[in-house]
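Since the structure comes first, as structure tokens, the remarks are kept for the end.
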Amino acid sequence: LLFSEDAMRDTLLYLRLALYLRPDFPPAQLMMANLQEYALDYEGAIKTYETIDKDTVFYERGLIRSALNYEMLKQTDQAERILKIAMAKSPTASEPYVTLGDIMRAKKDFHKSVQAYTKAIELSGTPKEEDWRLYYARGTCYERAGNWKLAEEEMKKALELSPAQADVPNSLAYSWL
């Protein structure tokens with residue numbers, strides 16, 4: 001409710017009040033940064049994320065979002081640096097690798113993207129239905145890099161994991177044609 005169009009001004013007031021009363025309240029810090037992102041204030045959002053205590057469960061989420069904000073500011077090197085901090089903080093978490101893969105894929109650095117998705121897949125363990133996205137993303141990177149054989153294998157794995165995803169058979173059929 002606090003993020004509806006009509007409540008934005010009220011939300012900002014409530015968050016400022018909450019953070020005035022308790023400056024180190026991570027849920028409010030995250031919400032404030034999200035609101036700043038919504039307003040396209042990426043630098044402000046990064047500064048807010050930086051205030052989140054490193055010992056809270058919210059810290060890693062703040063790192064991921066900070067990296068995405070740096071990417072919006074066209075500071076890919078800084079985004080990578082932040083993601084490496086997240087990787088070191090939670091070495092078994094796949095989300096920093098997925099985020100790095102997404103950023104590198106958007107930058108058309110398919111080699112780095114494949115490396116990141118591969119690590120995310122390794123950390124995910126036994127493939128689950130929701131992992132179709134990782135195989136699909138890695139497959140599109142292989143395809144764009146000109147390695148159709150690996151791309152096709154990845155697409156087939158994505159399709160096996162989640163046959164209902166329309167993007168996967170569409171990409172496969174288009175590529176076969």
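Some points to look at:
- Just the protein heavy atoms count here, and of the accessible area of region 98-177 at 1.4 Å, carbon and sulfur take up 52 percent.
- Counting Lys and Arg as +1 and Asp and Glu as -1 over every other residue whose Cβ lies under 13 Å from the Cβ of Ile103, the net charge comes to +2.
- Relative contact order computed over region 51-177 (Cα-Cα under 8 Å; 6+ residues apart), in percent: 15 percent
- Principal-axis tilt of helix 132-144 within the chain, Cα atoms, nearest 10 degrees: 60 degrees
- Based on C-alpha pairs under 8 angstrom that are at least 6 apart in sequence, region 104-177 has a relative contact order of 26 percent.
- Value of [θ]222 nm, deg cm²/dmol, for the chain, DSSP H segments ≥ 4, -39500 (n - 2.57) each, nearest 500: -23000 deg cm²/dmol
- √(5λ) per eigenvalue of the Cα gyration tensor, the chain, largest first, Å: 35, 17, 15
- Against the main long axis of the alpha-carbon atoms of the chain, helix 110-124 sits at an angle near 80°.
- Applying D = kT/(6 pi eta Rh) to region 82-136, where Rh is the Kirkwood radius over alpha-carbon pairs, T corresponds to 37 °C and eta to 0.692 mPa s, the Stokes-Einstein value obtained is 295 µm²/s.
- Close Lys-Lys pairs in region 86-132, where close means Cα under 22 Å and separation is 8 or more or interchain: 5
- Kirkwood radius and radius of gyration were both taken over the C-alpha atoms of region 5-77, and their ratio Rg/Rh is 0.98.
The values are calculated or read from the model by the stated rules, or taken from the named source; none is laboratory data. Quick caveat, the model's predicted, so the values are computed rather than measured. Every residue, glycine as well, gets a Cβ built from its backbone with ideal geometry; the counts of neighbours run over all protein chains shown. Accessible surface is based on the protein model in full, side chains and every heavy atom, while ligands, DNA and RNA are left aside. Shrake-Rupley method; radii C 1.70, N 1.55, O 1.52, S 1.80 Å.
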